[in-house]
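> Quick one: structure below, then a few questions.
Read the figures in this text as sums done on the coordinates, not as results from a lab. This structure is a prediction, so every number in the text was calculated from the model and none was measured. Here the Cβ positions follow ideal geometry from the backbone for every residue, glycine too, while neighbour counts run over all protein chains shown.
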Amino acid sequence: MDMRDDSPWFQEKKWVDNRIASGAKMQHLVLWGFALFWNLISSPMLFQFEQIWNKTLREPLTGLAFLFPLVGLGLIVAAIRSTQNWLKFGRTPLMLDPFPGSLGGHVGGTVETAIPFDPSTVATVNLQCVYSYVSGTGKNRSRKEKVKWQTDGVCHVLRGQQGTNFSFRFDVPDNLPESDVDKGRQYHFWRVVLSSKLDGPDFTRSFEIPVFKTAQLSVALSDGTEDHHATVDAAMAGVESIANIKTIPGGLQAYFPAFQRPGMGFVSLLFGLIFAGAGVGAGYGDAPIVFPVVFILVGSLIALFGVYYLAKSLQIKVTSDGVQSRRFLFGYPMRTKQIATPEIARLGIKEGATMSSGSKTTVYYQLLAESRQGVKLTLAERLTSRAEAELLKESFETYLGKG
């Protein structure tokens, strides 16, 4: 029987031959289409420049109309750069090994490029399981994405037939969603994002790949990305940038100071203040009282969360006797918790909030100790890669005698 008739990964033409194309070509074509459309609808303003300028002198807010052609110019520049990138790097197919990517096994592969080979080239790879869904109704509908799981690391750099090949391989748990072939209002898909900083345009490619529960291992890729020395070094540097770790008799002490990796806190604080400010503005207007009350209350809570996120700190002690966690706020102790080693059921990694910028999604991780009674204790926070969380997890487990 021909497996191609039954296997879901053969139902997608783009996956059949295991030479998976990136979205780079479509991206620069779509960007050109949008740029041309935007400039077409905003170009009449250029022929009315004098009238708009004279009106702006009387009514300054009218000057906002000039933003439209400026945005159009920015889109043209972005489209030109995207085209330069495509012309420089061309097609960069990804060959998976195993094919398809495997839940409960490996997700790995090799990207072929024409980049001149240089063994010092560094490329990072990000593997994501993404939930795509439609939010809103009617004209307010929009498609959104939420990263359900991700991991990242540094690629192995190899000499290829055309230039440089980048390879990666991750161990993936078996309890994650498979790729959905039938894509409706909501579905899951898997994405690989590979990038490298180069002289001139940087190299960035994104691939949608098939991942299914086959429990298969890679045949040709013997080295895991998690174990690449550069992945481990980056994780260690990341941990050292947010935590002061030192040895103590029988174990380790880690202190996570306040105001480290503050992005999430600043965003929450700013959004909360804007939301509460809108409520104050509604209160001065003719809006029903419920609107200012709700906006001020919700905005204040979000702003307070931002302050808490920025000002909190954490001190951890891990010894053969157990773990102790002390929470501080603005340097003042708030609470102390501890779990004795015999009562620790496991150490686990928890994915928290996410922040997205372009094709990059940052997931914030926590490392938790869970007791046999279900009590959870935070051992590390503000981690922005799974490798950082795994590094601390392995270190703590060693001192607890659970490694």
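> Which ³J(HN,Hα) values, rounded to whole Hz and listed in residue order, are derived for segment 283-291 from phi using the Karplus coefficients 6.51, -1.76 and 1.60 in 6.51 cos²θ - 1.76 cosθ + 1.60 with θ = phi - 60°, glycine and proline given as x?
Taking θ as phi minus 60°, the curve returns x, 7, x, 9, 5, x, 4, 5, 5 Hz for segment 283-291.
> Let me ask something else about it. With charges only on Cβ, +1 for K and R and -1 for D and E, what is the dipole size of segment 93-223 about its Cα centre, in debye, rounded to 20?
740
> Efficiency by 1/(1 + (r/R0)^6): what FRET value for Val71 and Glu397, r their Cβ-Cβ distance, R0 = 56 Å, to the nearest 0.05?
The pair Val71/Glu397 has a calculated efficiency of 0.60.
> Between Ala389, Ala303, Ala369, where does the largest GNM mean-square fluctuation fall for the chain, given springs only between Cα atoms within less than 10 Å?
Checking each option, the largest mean-square fluctuation is seen for Ala303.
> Figure the gain on full extension for Ala278 and Leu304 (residue separation times 0.36 nm, minus the Cα-Cα span) and round it to one decimal in nm.
Net length gain for the segment: 7.7 nm.
> Okay, next question. Given (i) 57, 26, 20; (ii) 35, 24, 21; (iii) 39, 35, 21 as candidate values of semi-axes √(5λ) of the Cα gyration tensor in Å, which corresponds to the one derived from the coordinates?
(iii)
> Using a Förster radius of 25 Å, what is the FRET efficiency between Val290 and Val134 based on their Cβ-Cβ separation? Nearest 0.05, please.
0.30
> Of Pro173, Ser222, Ile274, which is farthest on the positive side of the dipole of the chain, counting Cα position, with +1 on Lys and Arg Cβ, -1 on Asp and Glu Cβ, and the Cα centre as origin?
Ile274
> How large is log10 I(q)/I(0) at q = 0.30 Å⁻¹ when the Debye formula is applied to the Cα atoms of segment 201-256, each weighted equally and without solvent?
The Debye formula, applied to the Cα set alone, gives -1.13.
> Across segment 93-223, how large is the tail of the calculated P(r) beyond 20 Å, expressed as a percent of all Cα pairs?
In whole percent, the share of Cα-Cα pairs in segment 93-223 beyond 20 Å is 48.
> Need one number: nm distance between label points at Thr362 and Phe117, each 7 Å from Cα along Cα→Cβ, rounded to one decimal.
3.6
> Next question, about the same structure. Taking the chain as a Gaussian network, Cα atoms linked when under 10 Å apart, which of Asp171, Asp321, Asp199 shows the biggest mean-square fluctuation?
Asp199
> May I pose another question? Stretch Met45-Arg19 to full length: gain in nm at 0.36 nm per residue minus the Cα-Cα span?
Result: 4.7 nm gained on full extension.
> How large is the dipole of the chain about the Cα centre if only Lys and Arg carry +1 and Asp and Glu carry -1, each at its Cβ, rounded to the nearest 20 debye?
Approximately 1020 debye in magnitude.
> What is the ratio of the Cα radius of gyration of segment 157-306 to 2.2 N^0.38 Å, where N is its residue count, to two decimals?
1.63
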